[in-house]
Amino acid sequence: MWKARRRALLLSFLLTIPLLFPAALAAVTHPVPSNASPVNLLLPSDALALIAFKSEADLGNRLRFSLNRRFDHCLWQGVKCFQGKVVRLLLNGFGLRGVFAPNSLTRLDQLRVLSLHNNSLTGPIPDLSALLNLKSLFLDHNSFSGFFPPSILSLHRIRTLDLSYNNLTGPIPPGLIGLDRLYSLLLEWNRFNGTVPPLNQSSLQFFNVSGNNLTGAIPVTLSLTRFDSSSFSWNPGLCGEIIHKECNSRLPFFGSSDAVPPPALPPQIQGAVLPSPSPPPPPKKHKKTTVILGFSFGVFVLIGSLFCFLVAIKKQRKQRVSKPAMASDSAAGGHADDVMRVEEENEFEAKVKKMQGIQVGKSGSLVFCAGEAQVYTLEQLMRASAEMLGRGTIGTTYKAVLDNHLIVSVKRLDAGKTAMTSKEMFERHMESVGVLRHPNLVPLRAYFQAKEERLLIFEYQSNGSLYSLIHGSRSTRAKPLHWTSCLKIAEDVAQGLAYIHQASRLVHGNLKSSNVLLGTDFEACLSDYCLAVLADCSSDDDPDSAGYRAPETRKSSRLATSKSDVYAFGILLLELLTGKCPSQHPFLVPADIPNWVRSVREEDGDEDNRLAMLVEVATGCSLISPEQRPTMWQVLKMIQEIKETVMMEDDEVDASTGFS
């Protein structure tokens, strides 16, 4: 009798579990890791999804997802929630090694931002089609393999997609054209093949497919023509108008036509009438032609081998000269090498060494940087009408209008300040600087030196400097820029600085608002970068310029480092937020900076929290100790996270008010 009563009570209790603990019923319907404890069955579905991901991706147990009695998965590392649902998951640089298991994070149905950047995840990218609300996906700098995940093509809210620096193969799907909100598409340094899709989204602002195995003509669309050749570099098989490389439809000169089928014709010449092949030579001339071709080919191989030998010697000399400078920069930079994996740094270093091996073209004594078209001569440059734009720390800048109506910016370096730099050192350094290409750098087109005269020719920027934008003319009292403009400019500058630090191991060394120019679309572009190492700037007594210098570099014997660039960025960001020159910044401890910025601006309460996030970045960058400052890569990610947060909040406001 007692046993029967106990069975009845137990059955009654089991029947009430779904009513008391609805999460337990949902948990049972989803698979959980084999090593899951009984308490896992009582977790919310989002928590179970995170645990399922950790069980396969975190073989080193780096993620501390605690299951104590007062657990809240919204407080776990990298997790951001809204009304109890995970909306952002940022697990950057956690050293995750394992696989991105299917049916794990794909259960986070309210996820907006997913970032697994800079880990060691392997295997294919799983089906992500269930993440219908996803807007930003950062899977870069891992070891993912397999094809481009087709499920991404169904994520119609996606804006930012970064799959760069992985081992992905196969074609880039043309279906990307259907993602009409796409703002940033980064696919560089994978092993993609095939052709470039004819992307034509008006929203596309960032695009890169360099370092793949793409072939054929690049489609000429309004979107793709906005990007220069650096977005397509290191794809030897690409051609077309955008990269100024003619598409050749003819068969190779050497090799058997039987073994290799004729290549497909580019779209722009398909259907065209091709000239008929020439008749074969008479039999008597065949042997003579073969001998001539064989001899010519042998001479060609001999010259090519000699050239490669000379380039190798030149590279070795460069390495011997540059190693001491790199070592001193590394020592002063503190823990910069701790931020990125050794493999990532080696990739960038190898890329730059390859770029430095490209020959430069000379027109008289005017040296054009690698890849630049020689559209004018030194004589034409000397005949150009010139207008002085300003005098800077290491030279004077002029606007030059050539007789072919081309406008360039010419910086004439101060002979006294650059006298310490030899001719050979100047040439080597300008070769390194001349290959840097990024949307947020003013490109160096050419340079010249003779005796005590040194000229640098840059692309002309017609919209002035950031200094003029912030401070206006002397006759008007400038107001601080709106915080959204501050955010956009800060991201642009951070993009340029992070590229310099990662792609070249160089530093800007002279960052200030007058050295940030505004491009054709009012994007912020860095100028005068990597030039401070050529000059003695210790005599510069401009209080504003001195305000950007990090404490550890205020003595003339200390060279600029990547961490001193970060300090200058922090001061520049405060200048953006307050409209005050560095000489007008009060001496404040970090805790007092937010109140000072708030007192200078006249923002309403709704903007106060967003402004505070930017102030926090500026404060961290301008810390006295270089070891405590973040790297520019970390700064860039912080700014991008702020932007994503703002976009997500705006979308939530739109949703609550009925707007889509």
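All of the numbers you see were taken from the coordinates with simple rules; none came from a lab. Keep in mind it's a predicted model, so treat the numbers as computed, not measured. Because the Cβ atoms are built from the backbone with ideal geometry, glycine has one as well, and the counts that use them run over all protein chains shown.
Structural remarks
- For Lys54, Lys563, order by how many other beta-carbon atoms lie within 10 Å, fewest first: Lys54, Lys563
- Total formal charge among the other residues, if their Cβ is under 14 angstrom from that of Ser115, Lys/Arg +1 and Asp/Glu -1: +3
- Taken over the alpha carbons of the stretch 142-208 as equal point scatterers, the Debye sum produces base-10 log I(q)/I(0) values at 0.15, 0.19, 0.26 Å⁻¹ of -0.43, -0.70, -1.32.
- The stretch 360-460: C-alpha gyration tensor shape, a/c 1.5 cut-off, then a/b vs b/c: rounded
- Simple Cβ-charge dipole of the stretch 360-460, Lys/Arg +1 and Asp/Glu -1, about Cα centre, in debye nearest 20: 180
- For the stretch 377-389, backbone phi angles converted through the Karplus equation (6.51, -1.76, 1.60; θ = phi - 60°) give residue-by-residue couplings of 10, 4, 4, 5, 5, 5, 7, 5, 6, 10, 9, 6, 9 Hz, Gly and Pro being listed as x.
- Rounded to the nearest whole angstrom, the semi-axes of the ellipsoid equivalent to the stretch 95-161, taken from the Cα gyration tensor as √(5λ), stand at 18, 12, 12, largest first.
- Contact order, relative form, for the stretch 77-150: 29 percent (alpha carbon pairs under 8 Å, 6 or more residues apart, mean separation divided by residue count).
- Highest-first arrangement of 586-592, 574-580, where packing means the average Cβ count within 10 Å: 574-580, 586-592
- Total formal charge among the other residues, if their Cβ is under 10 angstrom from that of Asn212, Lys/Arg +1 and Asp/Glu -1: 0
- Once the Kirkwood radius over Cα pairs is known for the stretch 102-259, the Stokes-Einstein relation at 10 °C and 1.306 mPa s delivers a diffusion coefficient of 96 µm²/s.
- Rough spin-label spacing in nm, given labels placed 7 Å along Cα→Cβ, for Phe206 and Ala415: 4.5
- Distance from the C-alpha centroid of the stretch 225-239 to that of the stretch 129-167: 22 Å, rounded to the whole angstrom.
- Each residue of the stretch 174-190 is assigned a 3J(HN,Hα), and the resulting list reads x, x, 4, 4, x, 8, 7, 9, 4, 10, 9, 10, 10, 10, 5, 6, 10 Hz, derived from the Karplus form 6.51 cos²θ - 1.76 cosθ + 1.60 (θ = phi - 60°), x at Gly and Pro.
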